[in-house]
Amino acid sequence: MKPRYTGKGQIAYAFCGAALALAASPAAADEFTLRGYIEPEARIFTESASSPRQKDTGHSVAAEATFQYLPESNDGSFVFTPFVRLDQRDSERSHWDIREARYAHYGSDWEIRVGIDKVFWGVTEAVHLVDVINQLDLIEDPIKQEEKLGQPMIRLRSFQSFGTLEAFILPGFRERTFPGKDGRPATNIPVDQKLTQYESGAKEWRTDLAARYSNTFGDVDLGFSLFQGTARDPILNPALDGGGNLVLAPFYPLMKQVSLDVQATIGPWLYKLEGFGRRELGDNYGAATGGIEYTFYGVFGTEGDLGTVVEYAYDTRGMNQRNPYQNDAFLALRWAANDAATTSILAGTVVDTETGALGFRFQGERRLAENYRLSLEAHLFSNVPQRDPTYHVADDGYVQIRVARYF
């Protein structure tokens, strides 16, 4: 089972040690909490695999625990969250990671966090264009791409009357995870991470920088962000491995990015927009996505709410493998039952307006008894031509069932 750290784990463990040292300061902890889950998973793929090594079913089990210390002084906290998965088919998916290991200290109008942490930027449903701090854990969430690896960082926040200012120092880069030759969903040509290259001479040891301003103006939430460092999404270049086999070699370029995310809530209407301008390898390009949600409250005489979601995404690069949402529309319905079991459903489709390719998404969750939760997901594809960016995973549509036991 493989840890997901670059530099043989030295970066991550150094930050774990720093956070632990800060947490062990003279203030005695007056509160300790432990929470987490154990979650078996089953995946059933709806089409035959492109490789005889790949199977049509797979099973795995994951576990995550969060330990939290709150000092007696109430001016800080320490959080440690390890994660592990054992997978039946894919050795690359059998892995562990430290999602969080950070110490936070709180002042009257400021906060500093040191260690491994996760940060989320963005407002839209289908794709999160501006979210660039953490690396994606692609073997955990290959389609939605919302699961993240923990990122070593120093994060300083200042809360002012004119808004919140944040500064990030990000020492050490984390490579994106990719499935192995037995894994699904996966590209038709396997990715060989041993051939990874960087534009930066410091490679994974480069220190990246980021800053963000956010505030609420009446009904409008605004975020403006800057990032300079190694791009989290690699360019996959054809190459030959040591045995002369065709593979894809990740290349991580440097980039500078300016981004904006805006969300306005006006009664049952929700307006969303996010996008970026980026300079990379001497080129300037941009991407944006936005949409509208409308919620019908108490529909069908029940306590449930039904939301309609319409979004559109555009990328000035046109069709490219790094962002399949280059000229795509997303239509969905969101149901929240507002019951004791917190039942929720999201069902939608992505339509590529250039190629006609269709992607279908279903997510449903419901609590079972007091400590169990059932989740069902389906990601399916239809009418995907060879020139579409999602063609390499079009035969890897699947249905996934998870039952989590929380503690």
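What follows is calculated from the coordinates using simple rules that are stated; it is not laboratory data. These numbers were taken from a predicted model, which means no experiment stands behind them. All Cβ positions, even for glycine, are placed from backbone atoms using ideal geometry, and neighbour counts span all protein chains on display.
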Net +/- balance of residues flanking M319 in space, Cβ distance below 14 Å, scoring K and R +1, D and E -1: -2
Once you put a point 7 Å from the Cα of R35 and another 7 Å from the Cα of D339, both along the Cβ direction, what distance in nm separates them? 2.3
Can you give the convex hull volume per residue for the Cα atoms of segment 201-260, as a whole number of Å³? 104
Put +1 on the Cβ of every Lys and Arg and -1 on every Asp and Glu Cβ in the chain; which of A63, T302, N215 then has its Cα farthest towards the positive end of the dipole? A63
So what's segment 41-158 giving for Rg/Rh, alpha carbon basis, Kirkwood Rh from the mean inverse pair distance? 1.08
Pop a pseudo-label 7 angstrom from the Cα along the beta-carbon direction at both N371 and F300 and give the gap in nm to one decimal. 3.3
I want to check the label-to-label distance for A42 and T349. Put each point 7 Å from Cα in the C-beta direction and report it in nm to one decimal. 2.8
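Placing unit charges on C-beta atoms (Lys and Arg positive, Asp and Glu negative, everything else neutral), compute the dipole magnitude of segment 2-406 about its Cα centre in debye, rounded to 20.
On the way: 41 positive and 54 negative charges, 204 e Å.
Charge dipole of segment 2-406: 980 debye, to the nearest 20.
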Bins of 20 Å, starting at 0 and running to the largest distance - Cα pair percent for segment 2-406: 23, 61, 15, 0
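Can you check what the Kirkwood hydrodynamic radius comes to for segment 300-359, Cα pairs only, in Å to one decimal? Provide the component values of the computation, followed by the final result.
Numbers: mean 1/r = 0.0751 Å⁻¹.
Result for segment 300-359 stands at 13.3 Å.
If each DSSP helix of 4+ residues adds -39,500 (n - 2.57) and the sum is divided by the residues in the chain, what number results at 222 nm, nearest 500 deg cm²/dmol? Walk me through the intermediate numbers first.
Numbers: 1 runs with 14 residues, N = 407.
The helix contribution divided over the chain gives -1000 deg cm²/dmol.
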Would you report the distance distribution of C-alpha pairs in segment 296-407 as whole percents per 10 angstrom bin, up to the bin with the largest distance? 13, 34, 29, 19, 5
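Tell me the net charge near E146. Cut-off is 10 Å between Cβ atoms, E146 excluded, with +1 for each Lys or Arg and -1 for each Asp or Glu.
Working: positive: K144, K148; negative: D131, D137, E140, D141, E147.
Local charge sum for E146: -3.
Students often get this wrong, so check it: of K148/K194; K194/K256; K55/K144; K148/K203; K194/K272; K148/K256, which have C-alpha atoms separated by over 31 Å? Don't jump to the answer; show the numbers that get you there.
Values: K148/K194 21 Å; K194/K256 26 Å; K55/K144 21 Å; K148/K203 20 Å; K194/K272 40 Å; K148/K256 21 Å.
From K148/K194; K194/K256; K55/K144; K148/K203; K194/K272; K148/K256, over 31 Å: K194/K272.
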Choose one of A42, Y314, F178: the residue whose Cα lies farthest towards the positive end of the charge dipole of the chain (beta-carbon charges +1 Lys, Arg; -1 Asp, Glu; about the Cα centre). F178
